[in-house]
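The values are calculated or read from the model by the stated rules, or taken from the named source; none is laboratory data. Owing to the predicted nature of the structure, the values given are computational and were not obtained by experimental measurement. Glycine gets a Cβ as well: all are built from the backbone with ideal geometry, and neighbour counts include every protein chain shown.
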């Protein structure tokens with residue numbers, strides 16, 4: 001629904017574009033002393049910025065920058081200048097979204113030059129860009145206000161992020177202005193005689209976050225702390241209004257959310273609240289309306305709405321774990337570490353990503369919208385048993401935990417190793433990665449190596465500990481230390497299977513079934529000596545999908561083969577990542593179970609050949625005279641011709657499988673028939689990992705969608721199978 005609303009908004013803006021003047025409607029804003037200041041280009045710059053932002057994420061053909069109307073709109077902005085703060089800021093934002101070409105850089109340099117020279121002596125901005133250098137300290141004759149000031153700083157941030165050199169003194173002057181003008185309660189006003197804290201407090205917080213980004217990187221060995229920022233964030237946390245609908249203010253809050261990484265203000269998920277409100281308020285023609293001074297503006301309102309919806313919707317590449325309360329606590333000693341890393345990956349991949357803060361006390365759903373959870377610190381966080389259990393649920397759901405030791409802290413390293421072992425119930429041991437690990441070789445043109453300790457379940461990595469200080473490198477943007485940047489890029493490629501991430505509103509979590517079940521099927525997960533359950537979250541997720549999509553109540557239980565009865569548990573699942581060694585008693589019990597009507601469904605988690613060999617040898621013992629045979633394509637659990645089934649006659653495989661074994665479109669199941677039914681169904685290709693809904697690299701398996709379809713059909717088939 002959000003993407004549909006964005007498309008409608010894009011259509012509206014394009015319909016209002018006029019050749020020659022584009023989105024200009026002669027808007028003027030009020031200055032002090034009764035003067036009016038024209039801001040030609042401002043509307044077109046804001047509209048173009050919003051459309052370019054959408055194009056980066058949705059890649060709409062109508063927003064191709066090399067074709068009209070975008071081509072002419074960009075040319076319009078390149079060919080004109082306007083010496084006002086808002087226009088320079090919006091124009092700079094447009095240039096920052098375009099390819100790095102000389103013509104665009106020159107415009108951005110012009111904007112940055114004006115914004116630098118127009119800064120008032122007190123650190124504020126007014127409407128007019130007054131051509132006097134910062135050093136001279138001359139004041140804008142119209143006076144400064146906090147709205148112009150936040151946009152002036154935003155324009156300078158665009159220039160700095162682009163790579164232009166901005167004097168450090170600028171950030172000091174700008175930051176001191178906001179600290180000096182903050183009220184005792186943590187708020188900011190528009191001007192001394194106009195309060196408006198709901199609008200201006202996020203402006204102050206967002207501006208300090210920008211300034212601190214450049215001031216904090218001077219010395220990453222010493223913890224940076226900004227009390228003014230803390231007070232502002234505290235006020236926002238206590239006064240956030242989830243029903244907020246004024247677009248200018250919403251945009252300010254979003255800037256705070258994206259810059260700080262905070263998912264929630266006052267316990268409210270700000271993006272979900274804003275998206276819900278914007279969808280409710282969108283006009284039939286696709287527009288949104290906002291009011292500046294006495295007038296209503298649909299193009300400006302639509303542009304702001306698009307920026308809010310689209311930027312907040314970007315995929316979340318990494319969540320940063322907040323394990324103690326203060327914003328400048330141990331968990332956040334490097335405030336811009338993950339932000340800088342994610343931005344670097346965005347630029348390398350030419351794909352917009354966000355990062356977020358995930359509180360240790362937040363719902364697990366706040367964690368699951370990202371495949372990577374980052375934990376950093378210098379001391380033992382002292383995780384409680386409940387917190388360790390939540391970390392376990394995240395890992396079991398397919399997540400990957402990355403730990404970085406601030407200042408190469410041995411204490412933190414030991415703590416992370418301890419918690420990693422507890423999360424996997426001490427089932428696996430840490431191993432130091434060799435240079436042959438996938439995590440160092442995801443990019444064929446760049447092979448790397450660094451000191452990393454890893455836990456693996458035999459199919460994928462679960463928990464990584466870097467004894468070095470990743471965050472310090474990222475915080476000060478030490479790009480010359482290339483491995484520290486390429487490694488998280490490799491993690492992204494690994495976690496997505498060299499694919500892409502879903503937007504922030506989509507995760508692997510399954511919603512609660514809307515309708516009651518029509519049938520119940522019991523499923524037994526076979527426990528044996530060995531790695532019998534490498535993905536504890538796989539089958540629980542499938543049961544939720546069966547309830548939601550097939551209206552089947554699938555009841556899971558852990559069973560010993562000797563105790564399994566076909567009448568009570570019609571299907572057993574057997575999996576693992578290495579060889580199988582079952583006793584003669586278990587072999588006999590398995591034979592009896594299948595002969596009495598039970599179905600044995602097996603696959604090797606990760607597609608491990610050791611398990612395939614072990615299972616093949618096991619079946620030779622169970623049914624010495626009935627070898628595994630290829631199951632024909634017309635089997636009911638392939639065609640989906642069972643109640644609650646779906647067509648799985650055409651499947652897709654993971655990219656890693658295709659790169660290793662080639663392109664296939666048919667399932668390759670093996671089995672053994674008992675009479676007229678299939679008593680054994682075996683997949684050499686991984687199905688279990690696919691039930692998590694993740695695309696992790698290195699797994700010889702079906703895609704998640706095909707894995708779910710096959711497993712669903714096999715369960716439904718077993719539930720109705722006759723002896």
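What is the number of the single condition among (1) under 26 Å from the mean Cα position of the chain (by Cα); (2) in a loop (DSSP other than H, G, I, E, B) that residue 428 does not meet?
(1)
Can you tell me which of (1) out of contact with any strand residue (DSSP E or B) (no Cβ under 7 Å at 6 or more places or on another chain); (2) not assigned by TED's automatic domain parsing to the domain that holds residue 232 is the one residue 354 doesn't meet?
It fails just one condition, (1).
Okay, residues lined up against (1) touching a helix residue (DSSP H, G or I) at 6+ places or on another chain (Cβ under 9 Å); (2) outside the structural domain of residue 654 (by TED's automatic domain parsing); (3) modelled with pLDDT under 95:
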residue	(1), (2), (3)
512	yes, yes, yes
536	yes, no, no
571	yes, no, no
578	yes, no, yes
594	yes, no, no
607	yes, no, no
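Contact list please: Cβ distance under 6 Å, first residue in the range 70-82 and modelled with pLDDT under 95, second residue assigned to a loop (DSSP other than H, G, I, E, B), pairs at least six apart or on different chains.
Short answer, once both residue conditions are applied: 80/41; 82/40; 82/41.
Which one is surrounded by the most Cβ atoms within 10 Å (Cβ to Cβ), of the residues in the range 400-417 that are in contact (Cβ under 8 Å) with a residue 60 or more places away in the chain and within 24 Å of the chain's Cα centre (by Cα)?
404
Would it be correct to say that residue 565 is without any contact (Cβ under 8 Å) to a residue 40 or more places away in the chain, in a loop (DSSP other than H, G, I, E, B) and assigned by TED's automatic domain parsing to the domain that holds residue 667?
Spelling it out, residue 565 is indeed without any contact (Cβ under 8 Å) to a residue 40 or more places away in the chain, in a loop (DSSP other than H, G, I, E, B) and assigned by TED's automatic domain parsing to the domain that holds residue 667.
List the residue pairs whose Cβ atoms are under 7 Å apart, where the first residue sits in the range 645-674 and is exposed (fewer than 13 other Cβ atoms within 10 Å of the Cβ), the second is assigned to a helix (DSSP H, G or I), and the two are 6 or more positions apart or on different chains.
647/639
Step by step: first the residues of the range 440-463, then only those that are within 15 Å of residue 403 (Cα to Cα) and touching a helix residue (DSSP H, G or I) at 6+ places or on another chain (Cβ under 8 Å), then the one that is surrounded by the fewest Cβ atoms within 10 Å (Cβ to Cβ). Which residue is that?
450
Among the candidates 495, 502, single out the residue that is buried (at least 20 other Cβ atoms within 10 Å of the Cβ) and touching a residue at least 24 places away in the same chain (Cβ under 8 Å).
Exactly one residue qualifies, and that residue is 495.
Residues being part of a loop (DSSP other than H, G, I, E, B) and either without any contact (Cβ under 8 Å) to a residue 40 or more places away in the chain or exposed (fewer than 14 other Cβ atoms within 10 Å of the Cβ) (or both): count how many of those fall in the range 605-642.
7
Check whether at least one residue in the range 495-508 is modelled with pLDDT of 95 or more and in a helix (DSSP H, G or I), and report yes or no.
Checked against the condition, which is being modelled with pLDDT of 95 or more and in a helix (DSSP H, G or I), the range 495-508 yields at least one hit.
For the range 88-112, what are the residues that are closer than 17 Å to residue 153 by Cβ and surrounded by fewer than 16 Cβ atoms within 10 Å (Cβ to Cβ)?
Those that are closer than 17 Å to residue 153 by Cβ and surrounded by fewer than 16 Cβ atoms within 10 Å (Cβ to Cβ): none in the range 88-112.
Suppose the filter is in a loop (DSSP other than H, G, I, E, B) and surrounded by 15 or more Cβ atoms within 10 Å (Cβ to Cβ); does residue 580 pass it?
Numbers: in a loop (DSSP other than H, G, I, E, B): yes; surrounded by 15 or more Cβ atoms within 10 Å (Cβ to Cβ): yes.
Judged against the criteria, residue 580 is a match.
Just one of 698, 690 is assigned by TED's automatic domain parsing to the domain that holds residue 633 and at positive phi; which is it?
Being assigned by TED's automatic domain parsing to the domain that holds residue 633 and at positive phi holds for just one of 698, 690, which is 698.
When the range 58-78 is examined, which residues are found to be surrounded by fewer than 18 Cβ atoms within 10 Å (Cβ to Cβ) and in contact with a helix residue (DSSP H, G or I) (Cβ under 8 Å, 6 or more places away or on another chain)?
Result: 58, 60, 62, 64, 65, 78.
Could you tell me which of the residues 120, 139 is in a loop (DSSP other than H, G, I, E, B), closer than 24 Å to residue 213 by Cβ and at pLDDT below 95?
120
For the range 364-377, does any single residue satisfy the condition of being more than 19 Å from residue 509 (Cβ to Cβ), more than 12 Å from the chain's Cα centre (by Cα), in contact (Cβ under 8 Å) with a residue 40 or more places away in the chain and surrounded by fewer than 16 Cβ atoms within 10 Å (Cβ to Cβ)?
No, the range 364-377 contains no residue that is more than 19 Å from residue 509 (Cβ to Cβ), more than 12 Å from the chain's Cα centre (by Cα), in contact (Cβ under 8 Å) with a residue 40 or more places away in the chain and surrounded by fewer than 16 Cβ atoms within 10 Å (Cβ to Cβ).
Select the helices (runs of 4 or more DSSP H) contained entirely in the range 146-215, then report the ones holding at least 1 residues which are touching a residue at least 60 places away in the same chain (Cβ under 8 Å).
Counting at least 1 such residues, we get 146-162, 197-215.
Before we move on, is residue 389 assigned to a helix (DSSP H, G or I), closer than 24 Å to residue 692 by Cβ and more than 13 Å from the chain's Cα centre (by Cα)?
Here the answer is yes, as residue 389 does meet what is asked.
Among all residue pairs at least 6 apart or on different chains, which show Cβ distances below 8 Å where the first residue, located in the range 521-547, is at positive phi and assigned to a loop (DSSP other than H, G, I, E, B) and the second is surrounded by fewer than 23 Cβ atoms within 10 Å (Cβ to Cβ) and at pLDDT 95 or above?
none
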